[in-house]
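I have placed the structure first, in the form of structure tokens, so that the comments after it can refer back to it.
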Amino acid sequence: MPKLGTPTGTLEILRKYDFHFQKKYGQNFLIDPNKLEAIVDAAKVGEEDCVLEIGPGIGTLTQYLAGRAGSVIAVEIDQALIPILKDTLSDYHNVTVINEDILKVDIARLSQEKNAGKPFKVVANLPYYITTPIIMKLFESRAPIDLITIMVQTEVAQRMQEGPGSKEYGALSLAVQYYSRPEIVAHVPAECFIPAPKVGSSVIRLTRYETPPVQVKDEDFLFRLIRASFNQRRKTLVNGLGNAQGLAVTKAEAAEALRKMELPENVRGEALSLEQFARLSDLLLETGGSGS
């Protein structure tokens with residue numbers, strides 16, 4: 001049975017090492033065994049799996065993962081936590097701890113070195129301040145990953161699932177839905193953490209698509225187009241794209257593409273589905289948009 005995951009066990013290890021929370025790393029440690037079990041269940045971790053855990057902290061979730069997975073690779077940026085992890089994970093011989101910034105790790109190479117190039121399952125309690133960059137790194141790395149199960153701020157989890165027409169719908173929603181099928185699987189109140197965050201958290205499972213649900217001529221251009229469409233949400237799509245740096249799309253070209261799609265010229269980005277953005281991307285490339 002894991003020793004961590006309770007208020008007593010967590011406080012004991014923090015006092016033992018006189019650990020001080022680093023606000024810059026967004027550290028909040030889970031202290032609810034039921035929620036920890038729920039995360040591992042949601043991640044569908046089995047003995048054949050190699051799990052990539054991002055931000056293991058003091059090793060709480062790591063202990064639960066190691067009890068079920070074939071192996072766990074835990075990437076932790078905070079050097080102060082490395083001695084603690086050596087202690088809390090000393091009984092778990094299937095865990096490798098790497099003291100690195102996940103944003104600088106070559107995940108595809110890590111898969112080759114640690115898992116013979118086979119797909120990882122990613123599990124993480126992500127810091128709120130850096131959630132989106134990490135998610136995009138996982139998707140854009142082209143590393144073999146078939147399932148991503150992460151705990152994030154509830155508002156961010158909801159944003160990943162949103163569809164057109166919602167004020168929460170945006171570039172993150174479209175990126176997540178291009179690469180995966182998102183599903184919120186659990187909610188975790190603030191009191192389940194030390195220290196307690198100011199907002200609630202949710203666990204969201206992102207099941208990777210083998211091929212994206214839409215096909216485009218230039219994926220890079222699609223995402224630059226999407227970002228430009230939401231950079232100034234109050235602007236119409238025509239104005240947003242016409243003013244976007246590096247996109248090389250004129251207002252006239254944007255208006256003509258929308259006309260071909262039978263969309264009004266004053267439409268905003270939040271009204272378009274992923275399929276419509278894919279169509280718009282291809283139309284604009286045909287008329288001179290700047291691809292990769």
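Details
- Among the residues of the stretch 1-31, the one identified as within 24 Å of TYR128 (Cα to Cα), at pLDDT 90 or above and either among the basic types (Lys, Arg) or in a loop (DSSP other than H, G, I, E, B) (or both) is ILE31.
- Any pair with Cβ under 7 angstrom, 6 or more apart, that starts in the stretch 71-98 at a residue that is touching a residue at least 12 places away in the same chain (Cβ under 8 Å) and over 19 Å from THR10 (Cα atoms) and ends at one that is open to solvent by less than 30 Å² (accessible area, probe 1.4 Å) and of a type in the set (Ser, Thr, Tyr): VAL72/THR62; VAL95/THR62
- Tally, over the stretch 254-292, of residues that are in contact with a helix residue (DSSP H, G or I) (Cβ under 9 Å, 6 or more places away or on another chain), open to solvent by 50 Å² or more (accessible area, probe 1.4 Å) and not polar (S, T, N, Q): 9
- Residue in the stretch 242-252 that is among the aliphatic types (A, V, I, L, M), crowded, with 17+ Cβ neighbours inside 10 Å, more than 30 Å from the chain's Cα centre (by Cα) and assigned to a helix (DSSP H, G or I) present: no
- Residue within the stretch 135-149 that is out of contact with any helix residue (DSSP H, G or I) (no Cβ under 9 Å at 6 or more places or on another chain), at negative phi, open to solvent by less than 60 Å² (accessible area, probe 1.4 Å) and part of a strand (DSSP E or B) present: yes
- Selected residue [open to solvent by less than 10 Å² (accessible area, probe 1.4 Å), part of a strand (DSSP E or B) and in contact with a strand residue (DSSP E or B) (Cβ under 7 Å, 6 or more places away or on another chain)] from VAL176, VAL123, VAL185: VAL123
- From the options ILE31, ILE98, residue that is of a type in the set (A, V, I, L, M) and open to solvent by less than 30 Å² (accessible area, probe 1.4 Å): ILE31
- Test: GLN232 is surrounded by fewer than 14 Cβ atoms within 10 Å (Cβ to Cβ), at pLDDT below 90, on the phi < 0 side of the Ramachandran plot and not charged (D, E, K, R): no
- VAL199 vs. criteria closer than 25 Å to VAL40 by Cβ, assigned to a loop (DSSP other than H, G, I, E, B) and aliphatic (A, V, I, L, M): yes
- Test for GLU155: is it outside any helix (DSSP H, G or I), of a type outside the set (Ser, Thr, Tyr) and either farther than 22 Å from ALA43 by Cβ or open to solvent by 20 Å² or more (accessible area, probe 1.4 Å) (or both): no
The values are calculated or read from the model by the stated rules, or taken from the named source; none is laboratory data. What you see is a predicted model; the values in this text were computed from it and never measured. Backbone-built Cβ (ideal geometry, glycine too); neighbour counts: all protein chains shown. We work out accessible area using only protein heavy atoms, side chains counted, and drop any ligands, DNA or RNA first. Shrake-Rupley method; radii C 1.70, N 1.55, O 1.52, S 1.80 Å.
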